Amino acid sequence: MKYANAEDRLNPLPPEDADESTLGGYMAIYGRSAAFEGMDGEPYTVGLETEPADGGFAGYLVFIRWAQTGTAIMGHLETGDLVHAATADEARSLLEALPLAQARAVLDETIARKRADDHA
């Protein structure tokens, strides 16, 4: 991330082609993770993660659940692998290209899966 100066670290200079409707574009423009309200009414932020898998790299999302006041982390949810690529950077780029609306849908699917697992 680039900044105008050291005093402006909370306002990054986004690339000209940054698309705020994607996870990566949102982070580049606003300098923070995208936040969503899940289907459970709880606030979440999203993190992009990669790990080695099958000779390449898998990418998945981690949703951090915050207290209603936003002052404490109350838990987290992880998706399954959403993307696969030859390198960690490529996998991260694929995650960064996800539209925010799709990330929100994945959050709700992950919440629903967790609820079903908890009741099984």
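The values are calculated or read from the model by the stated rules, or taken from the named source; none is laboratory data. Note that the structure is a prediction, hence the values are computed from the model and not measured. Counting neighbours? That spans all protein chains shown, and the Cβs are built from the backbone with ideal geometry, glycine included. All accessible areas refer to the heavy atoms of the entire protein, side chains included, with ligands and DNA or RNA removed. Shrake-Rupley method; radii C 1.70, N 1.55, O 1.52, S 1.80 Å.
Taking the accessible area of the range 7-120, probe 1.4 Å, and keeping the other protein chains in place, the carbon and sulfur fraction comes to 51%.
Charges only on Cβ, +1 for Lys and Arg, -1 for Asp and Glu: so what's the dipole of the chain about the Cα centre, in debye to the nearest 20? Mind showing how you got there, number by number?
Numbers: 9 positive and 21 negative charges, 63 e Å.
So the dipole magnitude of the chain works out to roughly 300 debye.
Extending 7 Å from Cα along the Cβ direction at His84 and again at Val62 yields two label points whose distance is 2.3 nm. Hydrodynamic estimate: the Kirkwood radius of the range 42-103 over Cα pairs, inserted into Stokes-Einstein at 4 °C and 1.567 mPa s, corresponds to D of 105 µm²/s. Counting 0.36 nm for each residue step from Arg32 to Arg113 and taking away their Cα separation leaves a gain of 26.5 nm.
How big is the accessible area of Arg92 in square angstrom, nearest 10, if you roll a 1.4 angstrom probe over the protein chains? Counting only protein heavy atoms, Arg92 exposes about 90 Å² to solvent. Full extension of the chain between Gln102 and Asp40 gives 20.6 nm of extra length, using 0.36 nm per residue less the Cα-Cα distance.
Can you divide the C-alpha Rg of the chain by 2.2 N^0.38 Å and report the result to two decimal places? Intermediate values should be presented prior to the final figure.
Numbers: Rg = 15.5 Å, N = 120, 2.2 N^0.38 = 13.6 Å.
In units of the globular-protein estimate, the chain measures up at 1.14.
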